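The values are calculated or read from the model by the stated rules, or taken from the named source; none is laboratory data. All values reported here derive from a predicted model rather than from experimental measurement. In this analysis, Cβ positions are derived from the backbone assuming ideal geometry, glycine residues included, and neighbour counts consider all displayed protein chains.
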Amino acid sequence: MSCLSLTFSYGQSKEPTPVVILKESKKIDQLMDIVLDPKNADEGDRDKTSTDSCFFIVSFKSPDHFSFQIEKNTKPVTNMLANGFVDNKGFGYFRYRNYKIFVFAVDGFYDFFYTTIERKTFDFVYKFKSPAPFDYQHYLAIWHYQYEKGHFSEERPPTIK
């Protein structure tokens with residue numbers, strides 16, 4: 001028996017989507033240094049040298065710490081994610097060590113990111129147009145960290161009792 005798996009996304013228009021440029025804090029530089037350190041490589045990172053990849057950070061505040069999910073995605077997946085968040089005040093972009101890093105801060109930027117009045121367009125981030133079949137691997141690698149009491153640590157799922 002065989003199974004056909006098809007995921008639907010949206011076709012791209014020719015209209016670029018401008019993204020707010022962010023200035024990251026030294027804390028985020030520290031987080032990205034941890035993620036980019038080869039000894040912290042995600043086991044799922046199937047293409048460490050890909051030029052067709054971007055990082056996408058999703059951050060949110062829990063009652064006692066901040067959580068950060070960092071994904072390494074292909075450009076088509078980054079386009080899909082960016083289109084879902086582009087009108088949100090918690091969405092933006094910054095560059096770090098020649099990497100393109102997109103951010104969605106669910107609960108606000110706090111003192112991790114600062115917005116600028118500048119916008120940037122990309123040759124791979126376009127406004128959605130119409131549904132079209134799109135088969136993709138969601139992420140190339142993924143990391144989870146938390147920021148608590150002034151430092152980052154790897155975030156693990158809670159223990160199930």
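In summary, K161 fulfils each of the numbered conditions (1) of a type in the set (K, R); (2) modelled with pLDDT of 90 or more; (3) farther than 20 Å from T17 by Cα with the single exception of condition (2). Among K14, K48, K39, which is the only one that is farther than 27 Å from G108 by Cα, part of a helix (DSSP H, G or I), modelled with pLDDT under 95 and out of contact with any helix residue (DSSP H, G or I) (no Cβ under 6 Å at 6 or more places or on another chain)? Of K14, K48, K39, the one residue that is farther than 27 Å from G108 by Cα, part of a helix (DSSP H, G or I), modelled with pLDDT under 95 and out of contact with any helix residue (DSSP H, G or I) (no Cβ under 6 Å at 6 or more places or on another chain) is K39.
Does at least one position in region 80-95 carry a residue that is surrounded by 16 or more Cβ atoms within 10 Å (Cβ to Cβ), modelled with pLDDT under 95 and of a type in the set (D, E, K, R)? No, region 80-95 contains no residue that is surrounded by 16 or more Cβ atoms within 10 Å (Cβ to Cβ), modelled with pLDDT under 95 and of a type in the set (D, E, K, R). The residues of region 51-72 that are of a type in the set (D, E, K, R), assigned to a strand (DSSP E or B) and either over 18 Å from N88 (Cα atoms) or at pLDDT below 85 (or both), listed by number, are E71, K72.
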